[in-house]
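Asker: Here's a structure for you.
Readers should treat all values here as calculations from the given coordinates under stated rules, not as data from a laboratory. Values in this document were obtained by computation on a predicted structure and should not be read as measured data. Note that each Cβ is placed from the backbone with ideal geometry, even for glycine, and that neighbours are counted across all protein chains shown.
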Amino acid sequence: MMNRASDKFPGWLLVAVLLIWFANLEYRTLIKPDEGRYAEIPREMVASGDWVTPRLNDLKYFEKPPLQYWATAAAYSVFGEHQWTSRLWTGLTGFAGLLLAWFAGQRLFGREAAYYAALLLGSSMLYVMMGHINTLDMGVTFFITLGIFSFLLAQQSRTDYRRGQADKTSRNWMLLAWAGMALAVLSKGLMGIILPGTAVFIYCAVQRDFTVLKRMHWTGGLALFLLITAPWFYLVMKANPEFFQRFFIYEHYTRFTTKELGRYQPWYYFVPILLAGALPWTVFLFDSLFHIGRPAGQGGDEKPFNAALFLLIWTIFIYVFFSISDSKLPSYLLPMFPALALLMGRRAAEIRARLLFWYIVPVVPVALVFLALGLAVGKFADTPNQIELYPHYRIWLVTASLMLLAGLLSGMALLWKGKKPAALLIIALAALLSTQIGVSGYNTVARERSAKHIAEAIRAEVRPDIPFYSVMTYEQTLPFYLKRTFTLVQYQDEMGFGIKQEPQRWVPTLSDFVKVWAAQPEALAIMPVYVYPQLQQLGLKMKIIFADTQHIVVKKP
């Protein structure tokens, strides 16, 4: 049965997963901060024609490199500026990661392991969620994974072919590994090469085998790496001399070693994220990590390369690296998941169905907890917005929980009968659908973190020639929906660096704003509700054109 299932994977199952994966990219409104930010920066690239210097709200923004901005800007240019085109790169790289796990898994651990690896990766909760939320993490995860998987295939090719063919194949895989790391650097910075490079060194130290470093094809690899990365870095530093300090020093060293960004969390922060993010395979994950085993012996003086051990080192290193960082976000664990999927796929191919049954049993109570939380979601509302919106999310969460529960019970029944391939397929599809339903349903409460409704309400008042001020706030999604930028008033946050470079693009205080407002024949402004009384006290003449529990939009009467 396994051979039939795996043979069908590239066909009917590939189409089914593809449809489920991409079906909801347009459905949800963008939410702040990340989805608004990473939709807006490419929009401004298209509008300005400047694809070298990234800008957010028309201010220089050097937090991240431009690869995803370029890809999204290209999607806008071809297909238009939509919610789905803003998420397209994330969706594509996430789906491509499934194919990459299947491809590499076949060559490293066999067809059956590859089939399971792709299923498990494509149904892990964190991976599915991050494949549908517009951040930079899925893109960098794909290219780092391309780098390390290609590195593993380069090592394996030394023993799979005759000497001459092995050398050529190994070189080609290593060049692809260097290209993957280069594209990872262009996706999210130096972590694209520092993390894989450190993992390779740790592996060499653990195995006491540094001959691996001799097979890295340094000359051709570094040349290719620089060919891909150097042009943009040269152009952006030529146009912006301040780029080096901001990008290389602040964004890499300061963010990792200080609490300046307000993302500090305790060392155990990632424990629940990993446990929940790996669902429904959490228990099985730990079994897979404890059954790495040793590679078969090989003739000659060189030690056999242990791909499974490298993947184990990679996952542990990623977890520890970000756990000791002073800046933590849930998505930072994402690069672990493709490697974990290969290890789990390898283990799934050899484990008995009855044993796997017992690893799924503990997930059933978790699904029941999700169901209970879904039924009681309204009780978690704190604000007036939440009290109004949360009950609408209930049906989505309940449906998602029931879908997961049905898949678990059906899969367990099949596992008990020894039908492992069908069982894992059903559980995986149920988990994928469940997560997609939960993510899609968030649209019922997204208004609390999105300004689409504001844009629709005021669009008739907005013209390119009327200045628009954002007072003591910056609603990340509003620029994308209105297709324009704002002049910030007494607000900097992540745009502080850009304001420092071009201070004429903002208004420092409310007192200054009163003077600027008075000098304009027409003007618009958005502000938090608590700011409106302050401006009234300062004598600002305003007419409200929109108001809700969070924001007020006014125009000059």
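Asker: Give the residue from ALA423, MET403, VAL366 lying farthest towards the positive end of the charge dipole for region 316-444; charges sit on Cβ (+1 for Lys and Arg, -1 for Asp and Glu) and the dipole is referred to the Cα centre.
Answerer: ALA423
Asker: Whole angstrom only: what separates the Cα centroid of region 264-285 from the Cα centroid of region 81-105?
Answerer: Going from one Cα centre to the other spans 23 Å.
Asker: Under a straight-distance cross-link criterion of Cα-Cα below 29 Å, which lysines are reachable from LYS419, leaving out those fewer than 8 residues away in the same chain?
Answerer: Hits, sequence-local ones excluded: LYS8.
Asker: Sequence neighbours fewer than 8 away in the same chain don't count; with that in mind, list the lysines whose C-alpha is under 28 Å from LYS543.
Answerer: Of all the lysines, those that pass the test against LYS543 - Cα under 28 Å, at least 8 places apart if same chain - are LYS32, LYS452, LYS483, LYS515, LYS555, LYS556.
Asker: Can you compute the modelled spin-label distance between LYS500 and LEU373, with each label point 7 Å from Cα toward Cβ, in nm?
Answerer: 3.9 nm
Asker: Also, quick follow-up: Roughly what angle does helix 163-188 make with the longest principal axis of the chain, taking Cα atoms, 0 to 90 degrees, to the nearest 10?
Answerer: 20 degrees
Asker: Charges only on Cβ, +1 for Lys and Arg, -1 for Asp and Glu: so what's the dipole of the chain about the Cα centre, in debye to the nearest 20?
Answerer: Charge dipole, the chain, about its Cα centre: 1140 debye, nearest 20.
Asker: Given a Förster radius of 22 Å and the C-beta distance between CYS204 and GLN265 as r, what FRET efficiency does 1/(1 + (r/R0)^6) yield to the nearest 0.05?
Answerer: Approximately 0.10, to the nearest 0.05.
Asker: Report, ordered by chain and residue number, the lysines lying within cross-link reach of LYS238, taken as a straight Cα distance under 21 Å and ignoring same-chain residues fewer than 8 apart.
Answerer: LYS60, LYS64, LYS188, LYS500
Asker: Evaluate E = 1/(1 + (r/R0)^6) for THR219 and TYR27, where r is the Cβ-Cβ distance and R0 equals 45 Å; express this FRET efficiency to the nearest 0.05.
Answerer: 0.40
Asker: Moving to a separate point now. Calculate, for GLU461 and TRP12, the FRET efficiency according to 1/(1 + (r/R0)^6) with r their C-beta to C-beta distance and R0 51 Å; round to the nearest 0.05.
Answerer: 0.50
Asker: May I pose another question? In nm, to one decimal, how far is the PHE290 label point from the LYS238 one, both placed 7 Å along Cα→Cβ?
Answerer: According to this spin-label approximation, the distance is 5.8 nm.
Asker: Of (1) 25.5; (2) 24.6; (3) 27.2, which one was derived for Kirkwood radius over Cα pairs in Å from the structure shown?
Answerer: (1)
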